[in-house]
Every structure is written in C-alpha cells, then in structure tokens.
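The values are calculated or read from the model by the stated rules, or taken from the named source; none is laboratory data. Model, not experiment: these values are computed from the prediction. Please note: Cβ atoms are built from the backbone with ideal geometry, for glycine as well, and neighbour counts cover all protein chains shown. For the accessible areas, the whole protein counts, side chains as well, though only heavy atoms, and no ligand, DNA or RNA atoms are used. Shrake-Rupley method; radii C 1.70, N 1.55, O 1.52, S 1.80 Å.
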Amino acid sequence: MAELTPKERMAIERHPMPEQRPEDRVKNFDEVPLGFADENAKREAARCLDCKTPQCVEGCPVRIDIPAFIKLIEKGDFDASAKKLRETNFLPAICGRVCPQDQQCELVCIIGKRGKPVAIGSLERFASDYERDNGLRKVPEVAASTGKKVAVVGSGPAGMTAAYEIRKRGHDVTVFEAFHRGGGVLVYGIPRFRLPLAVIDEDINFLEQMGVKFMYNTIVGKSMSLDDLMGPEWGFDSIFVGTGAGLPKMTGVPGENLNGVYSANEYLTRVYLMGANNFPDNVTPLYQGKKVGIIGAGNTAMDAARTAKRLGADVTVYYRRSEEEAPARTEELHHAKEEFITFKFLSNPTEFVGDDNFFIRQIKCDVMELGEADDSGRRRPQPTGESFVDDCDTAIMALGCDVNPIIPTSNPEIEVNKWGVVVANPETGATSKKGVFAGGDLITGGSTVIQAMGQAKVAAAALHEYVMSNGNAFGYWQD
Ligand SMILES: Cc1cc2nc3c(=O)[nH]c(=O)nc-3n(C[C@H](O)[C@H](O)[C@H](O)COP(=O)(O)OP(=O)(O)OC[C@H]3O[C@@H](n4cnc5c(N)ncnc54)[C@H](O)[C@@H]3O)c2cc1C
Ligand code: SF4
C-alpha cells in the first residue's frame, strides 16, 4: 500500500472501541470495551503522524516509544509491536486499559490539538492482547545470578515492576504480600469490568516463571520487621517497599458509623478480592440496599458506583464540586453516565440519618456553588444555604486514601511528611533507612498505575547499583 500523506492520515476519524451495550453490561461483570479488530487497529494506527519530536512519549511516565509501537501495528506486525512496548513497560495490557491517557500521552498528541488524539491506550491494549491471545509472550531473560537477595514488600504495580526490574538484573527476589493473592489495587480495587483477572494473573505468572518468589498472607511490619528481613535470619541485601495508599479517608460527618456506610476500599475489596458478589457461594457477605449513595467523583467513586449498579441498586453520586472538577478519568465518568447512574454535582453530604436499628436510611446534603480559586487552583465549593434529603440505604465513601501506615509506623527512622507520605529521593527512590527503597502510592500519597511503575523502575535501577557496590553507592546513608 502506498505511504499515506500527513493530510490523508489526519483525515482518518478516530476509531471508537466497540463496547458492550449499557443495558447489557449493567447485568454482568465482563469487560466493557471489547477491543479492536485487526483492521480497525491498523486504521487507527495510520492516524499517527510519526512526529519528529513526539510529545506523546514525554507524556508517558515510562517513556514508551509510542510512534514505534504504533507504526508496527500499522504494518500489521502486532507481535513486534507488543515486544516494542515491553522494552519499556512490563504491564502494557494493564496500562492500555487503566492509564488516564487523556491526562498523559493522549493529552499531548499533536493531532489532538486539531481533532481527536490517536487512541494510544487502545492500541497498547490491542498489541499486548494480541500477544497474549496468540501465546506469543516469552519469559523475559534474566541475567546470571549476582548472589544478592532483594525483598519486595507489596505486590501492586510498584512491587510487580520492582520485582521484574530487579530479577531481570540477576538478583534473587522474594515478594511479600499481606493479602492471599498478588496485584494490589489492580485486584482489590479496579473492577473486573475494567481489568479482567486473567490479565493481572498472567503478569504474576510471568514473574514466577522468571524465578520471583511470592510469600502471601505476610504483613511486613507485623509478621516480621524490615530489620528482620535484612538481618541474619532472612539475609536480604536490600528492600523495595511498595505498600501503597490503602487507608481510606472518611468525611467525619454525623452518622458515618451507621450500618450500611462503607469506605469504597472495603466495599470493592469485599466484591473483587473476597468474591462477596457470589455470596453464599463465597462466604464473604456484602450488605447492600436498593438506594446507594456514592460520595466523591474520582476513579474509585466511579468503580464503586458501577459495581453497586451491577449488584442491582439505584445509584446516585454526590460530589461537592462541579463535573469539570471531577477527578475521574473522562472515560469512567462517561461509562458511569451511560450506565444510568445519577449524578448530583455541587452536593455536599452533611449527615447520614439512621433508623432505630442504626441502619442508614437517608443522606442530607448542602447545595453548593463554586467560589474563588483555592490553593489547588480549583474554585472552592461553598454552601448556598439550600439543602436536600435523599433516601439512601447504603453509602460508600470514595474520598481518597492515605498512605498505608504499617511500614512507616513500625520503622520510625523512615522519614514521612506531614501527611504520612514516605519521603524518597526522586532520583533513586531511597528512603531515609539504609538499604530501603520505595515507590508507588506510598511515596505519592495516591497516584496512578503508570506513575507507580515509573518510580519502581527508578528505584530498581538505584537498588541494583546499591547492592552491586555492597552498600557503598550513594553518599547519603551513614552507617
Ligand atoms: C478503586 C481504585 C481505582 C483506581 N483506578 C485507577 C485507574 O483507572 N488508573 C490508574 O492509573 N490508577 C488507578 N487507581 C490508582 C492505582 O491503582 C494506584 O495508584 C496503584 O495501584 C498504586 O500502586 P502501588 O503498587 O503503589 O500500591 P497498591 O496497588 O496499593 O499495592 C500495595 C500492595 O501492598 C500490600 N501491602 C500493604 N502493606 C503491606 C505490608 N505491610 N506487608 C506486605 N504487603 C503489604 C497491599 O496488600 C497491596 O497489595 C485506582 C485506585 C483505586 C483504589
Ligand atoms: S503506559 Fe499509559 S501513559 Fe504510557 S503510552 Fe501507555 S497509556 Fe500512555
């Protein structure tokens, strides 16, 4: 086929990914977007202008060579495209599904300035799914053994990436995980209709095939300390900590302790990690009423709302700012709206009202308006003086999370900032405790999968330098 001119490329419309119809998908937990067919992927790839200085690469926290992987799709060499992705990203099938592309790579795509950006995330998903579906994925090569032992604490995207990068360099790696299975928020937070379990499990399997060992049901800081791990019994030379931000924030309004009020983390964990949606086949119960109120409008809120919908509820999202300020990915908001979820923007819950048995029955809200911009640059919501009351028999608080405190509180020598976020050197991921590196939500207080991966890569490279120099690298740790 003759090479297309830039004008011809720009004339191609962005291909929407086919999806399950809203009225069907609210009755199941299957993935909503169905993926591109080969020809659609090639046609979407043909929209890429192969810019000389591609901004999209700068927009990707792990600097995937985006034009290169897209050009391989256009040529029809899907396997090579997946291999190109894996040069920089161990988890492309996950990132293609959950990255906030609209705020990262696609935000700065040159074509996006005139029309719609190239569907980078969808193409990333396509190439990595093609590789998986056709059994083309190869176990990554591992360097000869260095004789060094490294512990990774936490098996979320930060821990998985650190384990991969450290093992690849020839070190012996053991991942310690509090839960009975790996994946972190990817498993216990992000719903199956956005990220199927098979995708995560495949990545864990590949780590195992590389020789990474997993110790589940082990809470470092409780079952054993970091010092135990670096002491004679365990003999680890260094530790990467990626224990995330799993401590839910609550509003503190009256009635928050009523039965039927959940944190989104507890709610989602019960469903996705503990299988509560299959009660009584799974023993974890989930009390859920008919009218569910979700407080917040981030990704977690959309996940909780869409889950409650699939479990048969009438769902309303309450958010104290306007839709423009809602932190959720554009796609998640769009999907939630399509799924018949009601949004009450500029509504701030002030009280949960219970019955005589202490079960929530109503939610009281102030009607808000936006005032002057605050320190975050966003216009501050303020009460208008009006209020309303809605019936509600389950409320789910999705107001964000704080850092998991177990590692910092059990290791006071690890410096934290005033929000309890672990302080790590941005160039190395080194914490204030000798030999201990960190990455992911633990050092950001809550971010994204790809940011967690990017930080884990940085920390893994520094950790390698540290163990290979027998702890002599970096001047900032005194013995
Ligand atoms: C519901 C929800 C939806 C989200 N949606 C998106 C999205 O669409 N896109 C996106 O990019 N990001 C999303 N995020 C954010 C993203 O999931 C996180 O930024 C990312 O998972 C952080 O990775 P992590 O490895 O640092 O931590 P986590 O994924 O939290 O993993 C930490 C792991 O450490 C384990 N652990 C904790 N303490 C210990 C201990 N003491 N010992 C042993 N193990 C321990 C935990 O059990 C957990 O498995 C979402 C978050 C939530 C909660
Ligand atoms: S990893 Fe995320 S940010 Fe990077 S190219 Fe893929 S979708 Fe974009």
Pick out, from the stretch 178-249, the helices (runs of 4 or more DSSP H) lying fully within it that include 1 or more residues that are in the same structural domain as residue 445 (by the TED database) and either more than 12 Å from ligand 1 (Cβ to nearest atom) or surrounded by fewer than 18 Cβ atoms within 10 Å (Cβ to Cβ) (or both).
-> 197-209, 226-230
Output for Cβ contacts, cut-off 6 Å, separation at least six or different chains, first residue open to solvent by 30 Å² or more (accessible area, probe 1.4 Å) in the stretch 80-92, second away from ligand 2 (no atom under 12 Å from the Cβ) and outside any helix (DSSP H, G or I), reads none
State whether one or more residues within the stretch 99-118 are open to solvent by 10 Å² or more (accessible area, probe 1.4 Å), in contact with a strand residue (DSSP E or B) (Cβ under 6 Å, 6 or more places away or on another chain) and within 16 Å of ligand 2 (Cβ to nearest atom).
-> no
Spot the failing condition for residue 197; the list is (1) in contact with a Phe, Trp or Tyr (Cβ under 7 Å, 6 or more places away or on another chain); (2) over 18 Å from residue 453 (Cα atoms), and only one is missed.
-> (1)
Per the filter on the stretch 63-92, residues under 24 Å from residue 157 (Cα atoms), in a loop (DSSP other than H, G, I, E, B) and more than 14 Å from ligand 1 (Cβ to nearest atom) are 63, 64, 65, 87, 88
Taking residue 326 and the conditions (1) open to solvent by 40 Å² or more (accessible area, probe 1.4 Å); (2) not assigned by the TED database to the domain that holds residue 460, which numbered condition does it fall short on, given that it satisfies the others?
-> (1)
The stretch 42-55 - residue that is assigned to a helix (DSSP H, G or I) and within 15 Å of ligand 2 (Cβ to nearest atom) and, of those, most open to solvent (accessible area, probe 1.4 Å) = 55
Cβ pairs under 8 Å, 6+ apart, first in the stretch 213-227 and at negative phi and at pLDDT 95 or above, second charged (D, E, K, R) and open to solvent by 70 Å² or more (accessible area, probe 1.4 Å) | 214/208
Does residue 58 satisfy being within 16 Å of ligand 2 (Cβ to nearest atom), acidic (Asp, Glu), assigned to a helix (DSSP H, G or I) and open to solvent by less than 10 Å² (accessible area, probe 1.4 Å)?
-> no
Inside the stretch 372-395, can you point out the residues that are hydrophobic (A, V, I, L, M, F, W, C) and assigned to a loop (DSSP other than H, G, I, E, B)?
-> 392
Going by the conditions given, is residue 35 over 22 Å from residue 329 (Cβ atoms) and away from ligand 2 (no atom under 11 Å from the Cβ)?
-> no
Filter result (assigned to a helix (DSSP H, G or I) and more than 13 Å from ligand 1 (Cβ to nearest atom)) within the stretch 93-123 = 93, 106, 107, 108, 110, 111, 112, 113, 120, 122, 123
Is it true that some residue in the stretch 399-408 is open to solvent by 60 Å² or more (accessible area, probe 1.4 Å), on the phi < 0 side of the Ramachandran plot, in a loop (DSSP other than H, G, I, E, B) and away from ligand 2 (no atom under 16 Å from the Cβ)?
-> yes
Could you tell me whether any residue of the stretch 347-355 is acidic (Asp, Glu) and outside any loop (DSSP other than H, G, I, E, B)?
-> yes
If we keep only residues of the stretch 275-324 that are in contact with a Ser or Thr (Cβ under 6 Å, 6 or more places away or on another chain) and of a type in the set (Gly, Ala, Ser), then the residue modelled with the highest pLDDT is 293
